[in-house]
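Below is one structure, written out as structure tokens, with a few remarks after it.
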Amino acid sequence: MENTSIYIHIPFCKHRCAYCDFNTYASQEDSIPAYVNALINEIEFVGRQLANLPTFDVPTVFFGGGTPSLLSAPQFDSVLKALRSAFTFTADAEISIEANPGTISPKKLNAIRKSGINRISFGVQSANTEELLMLERIHDFFTVIEAVSTARKAGFDNLNLDLIYGLPQQKLSTWQTTLQRIVDLHPEHISAYALTLEHGTPFGRWASKGLLPLPDPDLAAEMYEYTEEFLESNGYVHYEISNWGMDDGRQTIDRTPSAVHSQPSHACKHNLQYWRSLPYLAFGAGAHGYANGYRYSNALRIKTYIERITNYDLRFTNYNFPLTPATVNSHKQTPADDISDYMINNLRLTNAGVTESDFRLRFGRALLDVYPKEIEELIRNGLLEKISGGVRLTKRGRLLGNQVFMRFV
Ligand code: SF4
């Protein structure tokens, strides 16, 4: 079986930020021990399903959230032990956690580094105090500086800092200052996403009542273009619409079936697995996975997830790999679904794009036979461009990605 990554969802936060629509819950930390037990049971359950199936290696594990850094070091250790006994990791497996800079300590970071976690993604969002307050983040920028220094001392040499731009009333100058301060911290990787006002969040509600000045889309586009230029001039390679990896002159081979691309050596290997439409298992409340031809997701709420895993006698329960009693949605992908997902995911890779050889290897058909009209039109409209052996988004296409992706749905 193809190498398969693992995503583990940790749906706990100290406080729910005003813009966030992730599957996460505040003030439920009392449930963490029972949740970790349920995770271990779910991992062991899927491990047992593999007994009669071809084996695969695990190139990446990602603890996302929520705020994974709310787990203690021994809790990470026990989940990783369960993973290692159920699956085989590659020798250079990338094991990442997302962390809120306000929830770490030197002791915890030292311990989790020793347990094998080798990459941290800090949710920073902004270096501006008023913006951090508006977003209801629990940390200020000094805490971020301290967190980065603590992570370095603990031996982490692969750090990502996550940012958000296009905030209500944000000025280009404050965004420029944020970028400068972030680059001064020398992270190996930077992610910058435009704010989206999600239905059901406080930001969404305030905006619909006219209480929150809507982010100006033209200004957000200007911020994005500035980000591209600024980060590239500071030694970061723009390899995905919203992601940049530090250019240290080395390249890493992208894990495509045909291995035809290379990426900056600090590209996030876990996310490359998604963008390459390669399989990943999902564990935890609300986690989404893609493996054995299924796209599937688990029960959203913590209590329901724990109950579904705990109330079954998992030793005697039969589900097709990788579905479990926690799965509430599953869909067997058709070849057309796979092709469509492949286009939408791979076109996010700004340098590599979609290559004809990789497409043919995966689907046994020529790219231009499947999408002759769509590709011709998008090239004519300046949203896609031809590159040697394939196509990728143009600069304008990166700004209007959704318009491009719609054509492949
Ligand atoms: S810390 Fe992250 S996951 Fe938690 S509420 Fe804030 S944005 Fe959402």
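Would you be able to say whether some residue in region 59-68 is assigned to a helix (DSSP H, G or I) and in contact with a strand residue (DSSP E or B) (Cβ under 9 Å, 6 or more places away or on another chain)? Yes, region 59-68 contains a residue that is assigned to a helix (DSSP H, G or I) and in contact with a strand residue (DSSP E or B) (Cβ under 9 Å, 6 or more places away or on another chain). What do you reckon, is Thr201 in contact (Cβ under 8 Å) with a residue 24 or more places away in the chain, over 21 Å from Cys13 (Cα atoms), assigned by TED's automatic domain parsing to the domain that holds Asn271 and among the polar types (S, T, N, Q)? Taking the combined requirement at face value, the residue does not satisfy it.
Inside region 199-218, residues that are hydrophobic (A, V, I, L, M, F, W, C) and part of a helix (DSSP H, G or I) make up a count of 3.
Residues that are in contact with an Asp or Glu (Cβ under 8 Å, 6 or more places away or on another chain) and farther than 23 Å from Asp77 by Cβ within region 124-159 comprise Val124, Gln125, Thr129, Leu132, listed in sequence order.
Listed here are the strands (runs of 3 or more DSSP E) enclosed by region 270-387 that have at least 2 residues being farther than 29 Å from Asn158 by Cα: 294-298, 327-332, 384-387.
Could you tell me whether region 308-319 includes any residue that is closer than 30 Å to Ile120 by Cβ and buried (at least 23 other Cβ atoms within 10 Å of the Cβ)? Yes, the conditions are met somewhere in region 308-319. Against the conditions (1) away from the ligand (no atom under 16 Å from the Cβ); (2) polar (S, T, N, Q); (3) part of a strand (DSSP E or B); (4) closer than 24 Å to Cys13 by Cβ, Ser96 satisfies every one except (1). Restricting the search to region 163-193, which residues are in contact with a strand residue (DSSP E or B) (Cβ under 6 Å, 6 or more places away or on another chain), free of Cβ contacts under 8 Å to residues at least 60 places away in the same chain and among the hydrophobic types (A, V, I, L, M, F, W, C)? Passing the criteria: Leu163, Trp175, Ile182, Ile190, Ala192. Which residues, taken from region 134-145, are surrounded by 15 or more Cβ atoms within 10 Å (Cβ to Cβ) and away from the ligand (no atom under 16 Å from the Cβ)? Ile145 - this is the single residue of region 134-145 that is surrounded by 15 or more Cβ atoms within 10 Å (Cβ to Cβ) and away from the ligand (no atom under 16 Å from the Cβ). Restricting region 120-133 to residues that are under 24 Å from Lys108 (Cβ atoms) and more than 20 Å from the chain's Cα centre (by Cα) leaves a set whose member that is nearest to the ligand (Cβ to nearest atom) is Leu132. Going by the conditions given, is Thr177 surrounded by fewer than 22 Cβ atoms within 10 Å (Cβ to Cβ), among the β-branched types (Val, Ile, Thr) and within 15 Å of the ligand (Cβ to nearest atom)? It is false that Thr177 is surrounded by fewer than 22 Cβ atoms within 10 Å (Cβ to Cβ), among the β-branched types (Val, Ile, Thr) and within 15 Å of the ligand (Cβ to nearest atom). The sole residue among Phe87, Phe12, Phe63 that is away from the ligand (no atom under 16 Å from the Cβ) and either assigned by TED's automatic domain parsing to the domain that holds Pro215 or polar (S, T, N, Q) (or both) is Phe87. If the condition is being more than 15 Å from the chain's Cα centre (by Cα) and part of a loop (DSSP other than H, G, I, E, B), then region 5-19 contributes Lys14, His15, Arg16, Cys17, Ala18, Tyr19. Test Ile339 against the stated conditions and say whether it is modelled with pLDDT of 95 or more and either loosely packed, with under 15 Cβ neighbours inside 10 Å or out of contact with any strand residue (DSSP E or B) (no Cβ under 8 Å at 6 or more places or on another chain) (or both). For Ile339, the condition - modelled with pLDDT of 95 or more and either loosely packed, with under 15 Cβ neighbours inside 10 Å or out of contact with any strand residue (DSSP E or B) (no Cβ under 8 Å at 6 or more places or on another chain) (or both) - is met. Out of all the residues in region 33-50, is one or more among the hydrophobic types (A, V, I, L, M, F, W, C) and within 16 Å of the ligand (Cβ to nearest atom)? No; the residues of region 33-50 include none that is among the hydrophobic types (A, V, I, L, M, F, W, C) and within 16 Å of the ligand (Cβ to nearest atom).
Number of residues in region 111-133 that are surrounded by fewer than 19 Cβ atoms within 10 Å (Cβ to Cβ) and under 14 Å from Cys17 (Cβ atoms): the value is 1.
Suppose the filter is more than 17 Å from the chain's Cα centre (by Cα) and on the phi > 0 side of the Ramachandran plot; does Gly284 pass it? It is false that Gly284 is more than 17 Å from the chain's Cα centre (by Cα) and on the phi > 0 side of the Ramachandran plot.
Restricting Val58, Val36 to residues that are within 17 Å of Arg308 (Cβ to Cβ) and surrounded by 15 or more Cβ atoms within 10 Å (Cβ to Cβ) narrows the list to Val36.
When region 99-119 is filtered for residues that are more than 13 Å from the ligand (Cβ to nearest atom), touching a strand residue (DSSP E or B) at 6+ places or on another chain (Cβ under 6 Å) and not β-branched (Val, Ile, Thr), the ones remaining, listed by number, are Gly116, Asn118, Arg119. Looking only at residues in region 15-32 that are within 14 Å of the ligand (Cβ to nearest atom) and of a type in the set (A, V, I, L, M), the one that is modelled with the highest pLDDT is Ala26.
The values are calculated or read from the model by the stated rules, or taken from the named source; none is laboratory data. Being a predicted model, the structure only gives us computed values, none of them experimental. Glycine gets a Cβ as well: all are built from the backbone with ideal geometry, and neighbour counts include every protein chain shown.
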